[in-house]
1. For an R0 of 41 angstrom, estimate the FRET efficiency from the Cβ-Cβ distance between residue 322 and residue 56 and round to the nearest 0.05.
2. Could you tell me how many degrees, from 0 to 90 and to the nearest 10, lie between the Cα long axis of helix 153-164 and the main elongation axis, the longest principal axis, of the Cα atoms of the chain?
3. Cα axis of helix 104-118 to longest principal axis of the chain: angle in degrees, 0 to 90, nearest 10?
4. With a point put 7 Å past each Cα toward its Cβ, work out how far residue 197 is from residue 183 in nm, to one decimal.
5. On each of the three principal axes of the Cα atoms of region 104-281, give max minus min coordinate, whole Å, ordered largest first.
6. With a point put 7 Å past each Cα toward its Cβ, work out how far residue 1 is from residue 285 in nm, to one decimal.
7. Could you work out [θ]222 nm for the chain from helices alone, using -39500 (n - 2.57) per DSSP H run of at least four and dividing by all its residues? Round to the nearest 500 deg cm²/dmol.
8. Using 0.36 nm per residue, how much length does the chain from residue 98 to residue 213 gain when fully extended, once their Cα-Cα distance is taken away?
C-alpha cells in the first residue's frame, strides 16, 4: 500500500507518537504545497491513499479524474474542499471522523488574538525592538462584552474563557445555537443588530458551508463600535468578500485579529488585508499545535489502517467502497 501525506509543511507528523500506527505502510510525506492541479496529479499518481492536512489542498473533480489508482482519502472533520460526488463516481472512499471534542488549540488561539488586539501587543513589541518604549494605551478584557457568533464546542469554550476573565459573553447564531446557549444559562442577544452594535469584541465560531458563506455582512461590520475588535479563527469565507478590508478602512471595527484568509497560503507581499495597520494576522495556526495534531492524526491514521485491513471506518461515501 502506498500512502501520500500532503502539506505537512514542517515535517511534523513523523515525530508524533501516532505516526507509528502507519508501520508497514509505504508512506511519502510532501512538505510543500502544490496548487497546480496537473502537477499535483502527476505527483500523486500510483498512490492508493492520500491523507489531507485539513483543507490545505482541494480535491476537485479535475484532480480525481487524473488519479485512477486512488482508492482512499483520509482526513478529519468537515470536507467542503472535497468533491464528494466525483470521489464516489470514481470509487474513491472518503473517511473523515466527524466527532471529537473541543479544539482547545483553536479556542486558545482565539483568546490569544483577542488579548493581543486589546493590548496592542504587536505594535508595542515593534516599538520596543526599534528602540522605543510605550506606544499607546490598550484596553482591559475585564468588564467588556464579547459577542460570540456561533455556540458550538469552540464557541462554548470561548464563553468559558470569558467568564474566567470577567467579561460579559453574549451569544448570537442559529436558532438552535441560541436555544443551546439559553439552556446553558448564557446571555442571548435580543437581535442581530444589538449583538454587533453593543459588543466590544465579536468572535466568529461558525462552520463554513454554503448557507454560512458571507453571513457576516458589510452592514453588520458597520454597526460595530469604532473601538471594537473582530476576531476570526474560523474561516475567512464567513465574512462577505471584501467587507473586512473596507470596514477597517472605515474604522468600524477599530481592529481585526484573524487567523484565516480568503486565499491560503498567502504567497505574495503587501496583501492589503494582511498588512493593514489595524489588523493582527496569523497564518492559520489556530489548530497548529503538537497536541492537536496528535488528536487529529491518530484518527486519520486509524482510518488508513482500518481501510487497509478491509474494515473501513468513518465512511462519508460508503457507496464508493462497493464500487
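1. Values: r = 29 Å, r/R0 = 0.72.
E(calc), rounded to 0.05, equals 0.90.
2. 30
3. That helix lies at roughly 30 degrees to the long axis.
4. Here the modelled spin labels are 3.1 nm apart.
5. 52, 35, 29
6. Simple spin-label model gives 3.4 nm for this pair.
7. Working: 12 runs with 106 residues, N = 323.
About -9000 deg cm²/dmol.
8. Numbers: separation 115, 0.36 × 115 = 41.40 nm, distance 2.03 nm.
Using 0.36 nm per residue and subtracting the Cα-Cα distance, I get 39.4 nm.
Every number here is computed from the coordinates shown, using simple stated rules; none is lab data. This is a predicted model, so every value here is computed, not measured. Neighbour counts are summed over all protein chains in view; Cβ atoms, including those assigned to glycine, are modelled from backbone coordinates with ideal geometry.
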